[in-house]
1. Can you find, within the stretch 442-471, the residue that is nearest to ligand 2 (Cβ to nearest atom) among those that are at pLDDT below 95 and assigned to a loop (DSSP other than H, G, I, E, B)?
2. Please verify whether the stretch 304-321 includes one or more residues that are touching an Asp or Glu at 6+ places or on another chain (Cβ under 7 Å), assigned to a loop (DSSP other than H, G, I, E, B) and farther than 24 Å from E409 by Cβ.
3. Restricting attention to the stretch 350-369, does a residue exist that is β-branched (V, I, T) and in a helix (DSSP H, G or I)?
4. Checking the structure you have, find out if any residue of the stretch 409-426 is buried (at least 18 other Cβ atoms within 10 Å of the Cβ) and within 15 Å of A361 (Cα to Cα).
5. Collect the residues in the stretch 379-407 that are within 24 Å of I434 (Cα to Cα), in contact (Cβ under 8 Å) with a residue 24 or more places away in the chain and charged (D, E, K, R), keeping them in residue-number order.
6. Which residue, of L271, L255, L287, is of a type outside the set (D, E, K, R), out of contact with any Gly (no Cβ under 9 Å at 6 or more places or on another chain), touching a residue at least 24 places away in the same chain (Cβ under 8 Å) and outside the structural domain of M426 (by TED's automatic domain parsing)?
7. Let me confirm something: among G502, G494, which residue is under 26 Å from F372 (Cα atoms), touching a strand residue (DSSP E or B) at 6+ places or on another chain (Cβ under 9 Å), among the small types (G, A, S) and surrounded by 18 or more Cβ atoms within 10 Å (Cβ to Cβ)?
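The values are calculated or read from the model by the stated rules, or taken from the named source; none is laboratory data. Everything numeric here is computed off the predicted structure, so don't read it as measured data. A quick note on method: Cβ atoms are made from the backbone with ideal geometry, for glycine too, and the neighbour counts reach across all protein chains shown.
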Amino acid sequence: MKTLKGIAASAGIVMGKVLLVDSEEMNVPKKSIKESAIPREITRLQDALTETRAEILNIRDKVSREMGQEHGDIFNAHLMVLEDRAIIEEVMGRIKKEKLNTEYIFSQVLKKYVQSFLKIDDEYLRERVSDITDVGRRILRHLVGEQKTALSELKEKVIVVAYDLSPSDTAVMHRKNVVGFATDIGGRTSHTAIMAKSLEIPAVVGLETATRQIQNGDTVILDGIRGVVVVDPSPAEVQKFRQEQARFLEFSKALKKFKDLPCVTLDGRRLELAANIELPEETPSVLSHGADGIGLYRTEFLYMNRPDLPTEEEQYQAYKKVVMQMAPKPVVVRTFDLGGDKFLSHLEMPHEMNPFLGWRAIRFCLASPEIFKVQLRAILRASAHGKLRMMYPMISGISEVQDANKLLEEARGELRQRKIPFDKEMEVGAMIEIPSAALTSDILASEVDFFSIGTNDLIQYALAVDRINEKIAYLYEPAHPAVLRLLKTIIDNGHAKNIWVGICGEMSGDPLLTPVLLGLGMDEISTSPVMIPEIKKIVRSMGYAEAREIVDHVLTLNTGLEVVNYLKLRQAKKIS
Ligand code: PEP
Ligand code: MG
């Protein structure tokens, strides 16, 4: 038996057999082959090259059609990589000489090429690394395809262990037999972790060595509350697991009674308690957990796990479905936020050194107005069917809001021409998740109808802590005085201009911090559906005056730890 400690990413405790999923670049299996199998391995390589070529040609044509030829031409560079005889011949030669499987040899050769390109002191050539990696991954995907699909045809329930899982891998897991997952890398606010929480799949991330310490078929206990994975548990551990699982299920059941009660403090302050969703299928869970609405619908997941862009009609149908299911409750649709840790293989998004500081979200949308306006029209059309609000992600200053609003106005004009109805009063908000936006929120407040604070990003930018890096997760402190001061500034500036202010980052679901958010004057809290009953319970158990008192005190403290300790102490006193 051994116990691995990681970061608790999604609550719940499960026990089950492990399925070790190979990551595309890290854990390609290494298998010896017989002399007689060499021709078959070479044919597999050739088939993978042919399939990849067809795939790239298809993407090139689609991108040229939808975004213009100069974007499509990018893929010509990929075709050139694919046809590079030096790589192919080296792979063939090594398969024959080393008698190892194609995918393993291929991944080795690929790594070697990438390393040597990275060393070259020429920016143009260095930039070709992303082309090589991209094409290399496509080829590998064709080669290891059979194993990947193992995940989609699971006959029994498994706990997936992987080096990393992309948010899009996670998005499809709920339809499979995956009851929990553990990864080597990642942090609490990575989109993979957020997705797990939404789908109510218990998860532990940032375990660092899980893929090396756990074997396929091992039995593990995965505790997504404490962030622990127990491998090959002893009978005593199994018994403890059963007790803790029962306690967790009982706790979740007890909270259900808050479902239909309003989110209001003892002294009558009403808070809008909304839910975050990534997929339209989550709407029933939002309603069954008793949310007042949807405070963040991350629409980018509609763009993922597919070879093309969703059309206006398709997006309209998806948003309309959510809005109608929720009506008359409000739904805040966030325009798509790609980049950072969410990518599309077919959209031309360059490999960046600092993707979270790079070409993502509204920056990408303003640079690609034709793609952006398709979404804006779809959102506007859906607004005719219920109470839809819309917000822009990653706003850094007022010009971006103005530029986005110009495109919104164009989209409205296009719909008017087509005589399609939309809500002319639809509220338009800005996410405040960059310190520059927080510090100029007095200026931004004149331009929008509401603010929604994205603390996942705000914290990473304010504290300079990459939100998905497990090595510095200890520095990622939502209760840091700098974060609390930023929240206060945003809320006060919003209220001074009479607009409402909400929060939709993961700290909104931390029960310890609920009194602080309440006391700061937050008008809306939007969090994972599963957290709603617990947050509601806390709001209903305290007065607004008491929450304000707590805030007055925590704003005098010097460190995040002091804030957390003070809140824990108050909580303990309240319970006793
Ligand atoms: C945030 O940054 O807090 C947020 C809600 O957006 P996302 O997590 O999708 O970046
Ligand atoms: Mg964000």
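1. Filtering the stretch 442-471 down to residues at pLDDT below 95 leaves 466-471.
Within this subset, residues satisfying the condition of being assigned to a loop (DSSP other than H, G, I, E, B) are 466-469.
Numbers: D466: 13, R467: 9, I468: 12, N469: 16 Å.
That would be R467.
2. no
3. Yes.
4. Within the stretch 409-426, not a single residue is buried (at least 18 other Cβ atoms within 10 Å of the Cβ) and within 15 Å of A361 (Cα to Cα).
5. R389, E400, D403
6. Step by step, each of L271, L255, L287 is checked, and only L255 is of a type outside the set (D, E, K, R), out of contact with any Gly (no Cβ under 9 Å at 6 or more places or on another chain), touching a residue at least 24 places away in the same chain (Cβ under 8 Å) and outside the structural domain of M426 (by TED's automatic domain parsing).
7. On inspection, the qualifying residue turns out to be G502.
Every residue, every condition in (1) assigned to a helix (DSSP H, G or I); (2) away from ligand 2 (no atom under 16 Å from the Cβ); (3) farther than 30 Å from A327 by Cα, yes or no:
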{"position": "Q215", "(1), (2), (3)": "no, yes, yes"}
{"position": "L222", "(1), (2), (3)": "no, yes, yes"}
{"position": "R242", "(1), (2), (3)": "yes, yes, yes"}
{"position": "E250", "(1), (2), (3)": "yes, yes, yes"}
{"position": "A254", "(1), (2), (3)": "yes, yes, no"}
{"position": "L266", "(1), (2), (3)": "no, yes, no"}
{"position": "Y297", "(1), (2), (3)": "no, no, no"}
